[in-house]
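Visitor: Below you will find the structure I want to go over with you.
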There are 2 protein chains.
Amino acid sequence: MNEQNLDLVFGALSDATRRGMLAQLSQGEANITALAAPYDMSQPAISKHLRVLERAGLIERIKRGREHYIKANAGPAEQAGGWITYYAQFWRQQFDAVEAYLQEHAEKKTPEGKV
Amino acid sequence: MNEQNLDLVFGALSDATRRGMLAQLSQGEANITALAAPYDMSQPAISKHLRVLERAGLIERIKRGREHYIKANAGPAEQAGGWITYYAQFWRQQFDAVEAYLQEHAEKKTPEGKV
DNA sequence: TTCATTCATAACCAAATGGTTATATATTTA
DNA sequence: TAAATATATAACCATTTGGTTATGAATGAA
């Protein structure tokens, strides 16, 4: 997964409506009408959100007659999650190291360990 | 972490420059000049990117004299990563279930298991 | 065949985003 | 004190984003 794909995936995840759709898809595939139901939004708006998710590779479309079924694709999300997990490890490590240092040098905000 | 915070975190992560800064911060805190160095971009543009990261809670600012040191904050990233991990589990599960079903019913693209 | 349903596309709009240049502020150095 | 450095802010601009209404195309049902 290159940088531009990460842009698309994180960008797609940065909207509550789209995350809601993905959450709904965790229950299994759904057609577009069903996906749209929870939102007070025009049908073309829904269509646009789905296109964003599709461009990011987070969903796939399967046409069955006049209905389009949507299913979520784990791969790109896992990649994006991997990016976070990898770096968060280092950030967490540094934070904990500073905490430990402060602990050792008793530079606590509540001295003597009392409240 | 509420929906709006997730918007901010994923939105902040959806730009390669900002991800690059966070990657750099995995090596430890840095001042803004150092963070800006790899990018062919004006100083105010860098300043804006940092503000986006800050609003998302992904970084913190520590002023030491005229220099502002930046350090990454693991918490919000971990939360966002948790969102992905949680749902990706279901999406992956469904995908694998379909794969297994197709396997069992021998509806493979390469019949008889041969190429 | 005709009507209803499902979905996509075009055209438009306001607001947000990501960049710029110019300028200001605070701090350090000479 | 004067100059240099580090950073922020204001004002501006083009593009993208997230919504709308209007319309069209494909499919299914009556």
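The values are calculated or read from the model by the stated rules, or taken from the named source; none is laboratory data. If you're wondering where the values come from, they're calculated on a predicted model, not measured in any experiment. Here the Cβ is made from the backbone with ideal geometry for all residues, glycine too, and neighbour counts use every protein chain on show. Side chains included, ligands, DNA and RNA excluded: accessible areas come from the protein's heavy atoms. Shrake-Rupley method; radii C 1.70, N 1.55, O 1.52, S 1.80 Å.
Visitor: Only Lys, Arg, Asp and Glu count, each charged at its Cβ (+1, +1, -1, -1), so figure out the dipole size of the range B:3-73 about its Cα centre, rounded to 20 debye. Each step should come with its number before you reach the end.
Guide: On the way: 10 positive and 8 negative charges, 55 e Å.
The calculated dipole for the range B:3-73 is roughly 260 debye.
Visitor: In addition: What value, in deg cm²/dmol to 500, does the helix sum -39500 (n - 2.57) over DSSP H runs of n ≥ 4 give at 222 nm once divided by the residues of the protein assembly as shown? Write out the running numbers ahead of the final one.
Guide: Numbers: 10 runs with 140 residues, N = 230.
Taken over the protein assembly as shown, the calculation gives -19500 deg cm²/dmol.
Visitor: In nm, give the distance between the simple-model label positions of A:ALA23 and A:LEU102, each being 7 Å from the Cα along the Cα-to-Cβ direction.
Guide: If labels sit at A:ALA23 and A:LEU102, their model points lie 3.3 nm apart.
Visitor: Per the Kirkwood formula on distinct C-alpha pairs, the Rh of chain A is how many angstrom? Don't skip to the end; give the middle numbers.
Guide: Working: mean 1/r = 0.0590 Å⁻¹.
Computed over chain A, the radius equals 17.0 Å.
Visitor: Another question, then. For chain B, with every protein chain kept in place, what is the accessible area per residue (1.4 Å probe, Å²)? All intermediate terms of the calculation are to be shown ahead of the outcome.
Guide: On the way: 6950 Å² over 115 residues.
Value for chain B: 60 Å² per residue.
Visitor: Separate question: Rank B:PHE90, B:MET1, B:SER26 by how far each Cα sits towards the positive end of the charge dipole of chain B (+1 on Lys, Arg Cβ; -1 on Asp, Glu Cβ) and give me just the farthest.
Guide: Value computed over the given set: B:SER26.
Visitor: With a 1.4 Å probe, how much accessible area is buried between chains B and A, both sides summed, in Å² to the nearest hundred?
Guide: On the way: alone 8370 and 8380 Å², together 13910 Å².
Summing both chains' loss of accessible area gives about 2800 Å².
Visitor: Let me ask something additional. Out of residues 5 or more away from B:ALA30 or on other chains, whose amide H comes under 5 Å of its own, with H placed 1.01 Å from N in the peptide plane?
Guide: B:ILE70
Visitor: First compute the accessible area of chain A with a 1.4 Å probe, then give the percent of it belonging to carbon and sulfur atoms. Mind showing how you got there, number by number?
Guide: Numbers: 3480 of 6960 Å².
Reported share for carbon and sulfur atoms: 50 percent.
Visitor: Can you give the translational diffusion coefficient of the protein assembly as shown in µm²/s, computed by Stokes-Einstein from the Kirkwood radius over Cα pairs at 37 °C and 0.692 mPa s?
Guide: Details: Rh = 20.0 Å.
Diffusion coefficient, whole number: 164 µm²/s.
Visitor: Leaving out same-chain residues fewer than 8 places away, which aspartates and glutamates sit with a Cα under 15 Å from that of A:LYS63?
Guide: A:LYS63 reaches A:GLU29, A:GLU54.
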